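J.: Just dropping this structure here.
The values are calculated or read from the model by the stated rules, or taken from the named source; none is laboratory data. Just so it is clear, the structure is predicted and the values come from calculations on it, not from any experiment. Here the Cβ is made from the backbone with ideal geometry for all residues, glycine too, and neighbour counts use every protein chain on show.
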Amino acid sequence: MNRNIIRQVADIQSQAERLISQNAEETDIELFSQYNRELKSFLMSNIKDEFVLNYIKEIPDLNMLELENESGFLENVLGILSKGYSSDRMKNDRALDLIRDIKNKYASAEFMIKNYFNE
């Protein structure tokens, strides 16, 4: 089981990198979001070390509906003026920025998780 957990932590990082490099669409981002929620939930329920657990709690959640509601007046005006750069693309760009943060958090947590499960 320990190897599977560590493999999933590495896998979510590689999936994040793929999404970022390919400027992923909303469907792929939603799948990543679900995977992130499931992995984070699993780690939180199976890790008892407070230090590691607190770090896992800092991994952001990715909610496309929240990102949609974050669009401000300026973004809406730019979307209208640019005609080609839709609000969906802006939402995806915000999601990809958050995916970068998620990837970096998992990368930082990977060493702690390896140490925790190898004890």
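J.: Mind checking whether some residue in region 40-50 is modelled with pLDDT under 90 and either surrounded by 15 or more Cβ atoms within 10 Å (Cβ to Cβ) or in a loop (DSSP other than H, G, I, E, B) (or both)?
T.: No, region 40-50 contains no residue that is modelled with pLDDT under 90 and either surrounded by 15 or more Cβ atoms within 10 Å (Cβ to Cβ) or in a loop (DSSP other than H, G, I, E, B) (or both).
J.: In addition: Search region 51-66 for residues being in a loop (DSSP other than H, G, I, E, B) and closer than 13 Å to I12 by Cβ, and hand back the single one that is modelled with the lowest pLDDT. Before you say what the answer is, go through the steps one by one.
T.: First, the residues of region 51-66 that are in a loop (DSSP other than H, G, I, E, B): 58-63.
Retained after the next criterion (residues that are closer than 13 Å to I12 by Cβ): 59-60, 62.
Details: I59: 95, P60: 94, L62: 89.
That would be L62.
J.: With the structure loaded, tell me whether E75 is at pLDDT 90 or above and in a helix (DSSP H, G or I) or whether it fails that test.
T.: On the way: at pLDDT 90 or above: no; in a helix (DSSP H, G or I): yes.
Here the answer is no, as E75 does not meet what is asked.
J.: Taking region 6-54, which residues are more than 16 Å from N92 (Cβ to Cβ), charged (D, E, K, R), free of Cβ contacts under 8 Å to residues at least 24 places away in the same chain and touching a helix residue (DSSP H, G or I) at 6+ places or on another chain (Cβ under 7 Å)?
T.: Across region 6-54, the qualifying residue is only K40.
J.: Another question, then. For region 20-28, indicate whether the set of residues that are modelled with pLDDT of 95 or more, polar (S, T, N, Q), over 12 Å from I99 (Cβ atoms) and surrounded by fewer than 16 Cβ atoms within 10 Å (Cβ to Cβ) is non-empty.
T.: No: region 20-28 contains no residue that is modelled with pLDDT of 95 or more, polar (S, T, N, Q), over 12 Å from I99 (Cβ atoms) and surrounded by fewer than 16 Cβ atoms within 10 Å (Cβ to Cβ).
J.: A follow-up question, please. Among the candidates A109, A16, which residue alone is at pLDDT 95 or above and surrounded by 15 or more Cβ atoms within 10 Å (Cβ to Cβ)?
T.: Working: A109 fails: at pLDDT 95 or above.
Residue meeting the stated conditions: A16.
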